[in-house]
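Visitor: Encoded as structure tokens, here's the structure I'll be asking about.
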Amino acid sequence: MNDTTTLLPTPPRDLLGGASLFLDFDGTLVELQDRPDLVHADAELIRLLARVGHALDGRLAIVTGRASERIVEMFGGIPFVIGGSHGVEFRYPGGRTAGPELPAGLPDVIDRLRAFAAAHDGVLVETKPYGAGLHYRMAPDVEDEANLLAEALAAAHGLRVQPGKMMVELRAAAGDKGAAIERLMGEAPFAGSRPVFLGDDVTDEDGFRAVAALGGAGILIGPERGTAARYRLEGVSAVRTWLSRAVEAYL
């Protein structure tokens with residue numbers, strides 16, 4: 001863990017040689033927005049990931065807090081694997097899906113979160129197949145109250161609290177991004193390769209630890225902080241530039 005002020009280096013251009021690539025979405029491939037529904041995959045990103053997936057012979061996956069269905073909608077189909085809902089659910093090219101049973105208490109949780117949002121201007125609820133998120137980017141003063149509510153609901157319904165950037169999520173207790181990467185690394189076409197994972201949030205630390213344990217490398221996106229990542233890129237624009245150059249070097 002990089003807990004000091006030691007600066008992380010930029011990842012080398014040849015890092016993707018023989019690798020499998022796992023990508024967070026929000027804050028990594030696209031800029032964060034006040035409202036999650038305002039985010040979309042632009043044509044440049046769609047073309048870039050198509051090139052990356054081709055160069056890596058399909059060893060490409062998006063591992064995200066978003067529902068996998070939403071990623072499919074944004075990309076108009078999926079030439080890559082998706083580990084959605086923080087790696088709880090999986091969607092493969094061709095339409096095959098996998099995931100646990102839905103949490104029984106989720107409808108009640110969503111009702112409670114919506115009631116909280118209705119009572120606080122600027123707070124939004126994002127529903128997912130295996131959870132729900134409370135976004136307070138436009139109402140930062142409710143952060144403590146939102147987190148207390150999430151902790152209480154998680155305890156009452158056997159759910160997991162997943163903090164994020166100006167949001168908190170309640171979701172199925174099983175799985176995380178690290179476990180998702182470990183699972184996919186045991187499957188074709190990823191098995192036998194070296195994993196690389198890019199992410200920006202504290203939710204991505206499980207992924208950084210997982211790829212390090214598997215002989216790969218994590219790449220932190222954004223400002224320096226304590227992290228299990230080995231490398232760092234400044235932001236979304238830097239990610240896209242590095243991916244484009246890395247693919248050129250790989251090809």
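Visitor: When you check Gly18 against the structure, is it on the phi > 0 side of the Ramachandran plot and surrounded by fewer than 13 Cβ atoms within 10 Å (Cβ to Cβ), yes or no? First the steps, then the outcome.
Guide: On the way: on the phi > 0 side of the Ramachandran plot: yes; surrounded by fewer than 13 Cβ atoms within 10 Å (Cβ to Cβ): yes.
The answer is yes for Gly18.
Visitor: May I ask you to say which residue of Gly216, Gly192, Gly235 is small (Gly, Ala, Ser) and under 15 Å from Gly27 (Cα atoms)?
Guide: Answer to the selection: Gly235.
Visitor: I'm trying to understand the selection: among the residues of region 21-48, which are open to solvent by 30 Å² or more (accessible area, probe 1.4 Å) and closer than 22 Å to Ala249 by Cα? Walk me through it before giving the result.
Guide: From region 21-48, those open to solvent by 30 Å² or more (accessible area, probe 1.4 Å) are 26, 31-35, 37-38, 40, 42-44, 46-47; that's our starting set.
Listed by number, the residues that qualify are Glu44, Ile46, Arg47.
Visitor: Which condition number does Leu7 fail, the rest of (1) in a loop (DSSP other than H, G, I, E, B); (2) open to solvent by less than 40 Å² (accessible area, probe 1.4 Å) being met?
Guide: Every condition holds for Leu7 apart from (2).
Visitor: Further question: For region 54-74, enumerate the residues that are part of a loop (DSSP other than H, G, I, E, B) and surrounded by 20 or more Cβ atoms within 10 Å (Cβ to Cβ).
Guide: Leu56, Arg59, Thr64, Gly65, Arg66, Ala67
Visitor: If we scan region 56-64, do we find a residue that is more than 22 Å from Val211 (Cβ to Cβ), in contact (Cβ under 8 Å) with a residue 40 or more places away in the chain and not acidic (Asp, Glu)?
Guide: no
Visitor: If you go through region 25-34 one residue at a time, do you hit one that is in contact with a Lys or Arg (Cβ under 9 Å, 6 or more places away or on another chain), among the aromatic types (Phe, Trp, Tyr), touching a residue at least 40 places away in the same chain (Cβ under 8 Å) and under 21 Å from Ala172 (Cα atoms)?
Guide: Keep residues of region 25-34 that are in contact with a Lys or Arg (Cβ under 9 Å, 6 or more places away or on another chain), which gives 25-27, 29, 32-34.
From what's left, among the aromatic types (Phe, Trp, Tyr): 25.
Next cut, touching a residue at least 40 places away in the same chain (Cβ under 8 Å) only: 25.
Narrowing further to those that are under 21 Å from Ala172 (Cα atoms): 25.
Yes - at least one qualifying residue is present in region 25-34.
The values are calculated or read from the model by the stated rules, or taken from the named source; none is laboratory data. Remember, it's a predicted structure, so these values are computed and weren't measured experimentally. When we count neighbours, we look across all protein chains shown, and the Cβ atoms used for this are built from the backbone with ideal geometry, even at glycine. When the accessible area is computed, the model is the full protein with side chains, heavy atoms only, and any ligands, DNA or RNA have been set aside. Shrake-Rupley method; radii C 1.70, N 1.55, O 1.52, S 1.80 Å.
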